[in-house]
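> Have a look at the structure that comes next, please.
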Amino acid sequence: MPTKPYNLFSDHLKKIFGRRIHKISVDAGFSCPNRSGTRNLPGCLFCNPGGSGAIGIRQGLSVRDQLEDGKEVMTRKYKAHGFLAYFQPFSNTFAPVEKLRALYDEALAVEGVVGLAVGTRPDCISAQAMELLAHYAHKTYFWLELGLQSIHDTTLSAINRGHDYQTFLTAFGAARELGIQVCVHVILGLPGEDRAQMLATAEEMARLKVDGIKIHLLHILEDTPLADLYNAGRIQVMEQAEYISLAVDFIERLHPETLIHRLTGDGPRDQLLAPLWSLNKWEVINAIHDEFRLRNSCQGKLIAR
Ligand code: SF4
């Protein structure tokens, strides 16, 4: 069994760069086709007015200033010297290619920024945008972060995702073809999904041998359609023990080489309605380690061979 029971992205970064690399989230002012009114959809049920963005982004600053701001904090706190610029909230390919290029270049020009991560939806990457992402994938250290959440179309429709699984497969295939590393975002605990369905998502991610995965726990944030359902008692959130056991079951089914970028979620403290236990992120991560130890298990142990 490896030292860590799973393949952590932060360890991988350390190996590649020889030092710790910190991600800095930036809000480049994009919107999202699922919320912009073009499709007459209210957006994903879990999405808040900030586009399910990061904690601590200072609104209204340029990309450069946000990164300088983040660098200052990271350097003071962790003596960090290397950074990935992470275009996080909303859909960061939802603009003409020239605008995308200018924003990504602005980030890369900041001293200490060693690469980019771009988060978006699978239905929001034009052929030209995909070519542009491929350009960065060959020029610098680069990740495309694709929101999927679930492989089940019934779930995607129930959460107003606005695209189906086939759309994800098409975008994923196009990115693969062009040599772009893809990190897939999934959510555990979506309304109406049972354990077997969530584990089927893990098995499918193993079949695709995705480069990276972010495992989110469903959060109920204030000012979201999900909050209304929660407050009306129409949906529930997971208990901590249930999540720990499910997360380990999930990781046991992933491909051993898939990099795990995130093991749980840490919603903004001032907006999180439930589950409040998730605020103790390190307690959750330690409990996941303990569960692996108890099972004498590791990532990929149950992968279908
Ligand atoms: S794709 Fe992202 S930004 Fe758009 S509605 Fe869904 S969570 Fe919000």
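The values are calculated or read from the model by the stated rules, or taken from the named source; none is laboratory data. These figures come from a predicted structure and were not determined experimentally. Methodologically, a virtual Cβ is constructed for each residue, glycine included, from the backbone with ideal geometry; neighbour enumeration extends over all protein chains shown. Areas reflect the complete protein model, heavy atoms only, side chains present, ligands, DNA and RNA absent. Shrake-Rupley method; radii C 1.70, N 1.55, O 1.52, S 1.80 Å.
> Identify all lysines with a Cα-Cα distance to Lys23 below 19 Å; exclude those on the same chain that are fewer than 8 residues away in sequence.
Qualifying lysines at Cα under 19 Å: Lys14, Lys15, Lys71, Lys77, Lys79, Lys139, Lys214, Lys281.
> In the chain, what percent of the accessible surface is made up of carbon and sulfur (1.4 Å probe, ligands and nucleic acids excluded)?
50
> Given the options Ala109, Ala202, Ala171, which has the most mean-square fluctuation in a GNM of the chain, springs set between C-alpha atoms less than 10 angstrom apart?
Taking springs between Cα atoms under 10 Å, the residue moving most is Ala109.
> A further question on this structure: Mean shadow of region 9-209, computed from the convex hull of its alpha carbons, in nm²?
11.4
> What does the helix-only formula give at 222 nm for the chain: each DSSP H stretch with n ≥ 4 adding -39500 (n - 2.57), the total divided by the residues, and the result rounded to the nearest 500 deg cm²/dmol?
-12000 deg cm²/dmol
> Still on this model: If you take every DSSP beta bridge fully contained in the chain, what fraction is antiparallel? Give it as a percent rounded to 5.
Of all bridge pairs located within the chain, approximately 5 percent are antiparallel.
> Pop out the ³J(HN,Hα) list for region 88-96 in order, Karplus 6.51 cos²θ - 1.76 cosθ + 1.60 with θ = phi - 60°, rounded to Hz; leave Gly and Pro as x.
Here the 3J(HN,Hα) series is 9, x, 6, 10, 8, 10, 8, 6, x Hz.
> Round to a whole angstrom and tell me the spacing of the C-alpha centers of region 174-211 and region 250-300.
The two parts, judged by their Cα centres, are 16 Å apart.
> Length gain on complete extension for the stretch Trp277 to Lys139, per 0.36 nm per residue less the alpha carbon to alpha carbon distance? Kindly include the intermediate steps, with their values, before the conclusion.
Details: separation 138, 0.36 × 138 = 49.68 nm, distance 4.11 nm.
Result for the pair: 45.6 nm of gain on full extension.
> So which GluC sites (Glu not before Pro) in region 96-158 are both in a DSSP loop and have at most 10 other Cβ atoms within 10 Å of their Cβ?
Answer in residue order: Glu111.
> Give the lysines whose C-alpha is closer than 16 Å to that of Lys301, dropping any in the same chain fewer than 8 places away, or say none.
Lys4, Lys209
> Which of the cysteines found in the chain have nothing to pair with, since no other Cys Cβ lies under 4.7 Å from theirs?
When partners are defined as cysteine Cβ atoms under 4.7 Å apart, the chain leaves Cys32, Cys124, Cys183, Cys298 without one.
> Write down the accessible area per residue of region 9-209 in Å², having rolled a 1.4 Å probe over the full set of protein chains.
Numbers: 8630 Å² over 201 residues.
Result: 43 Å² of accessible area for each residue.
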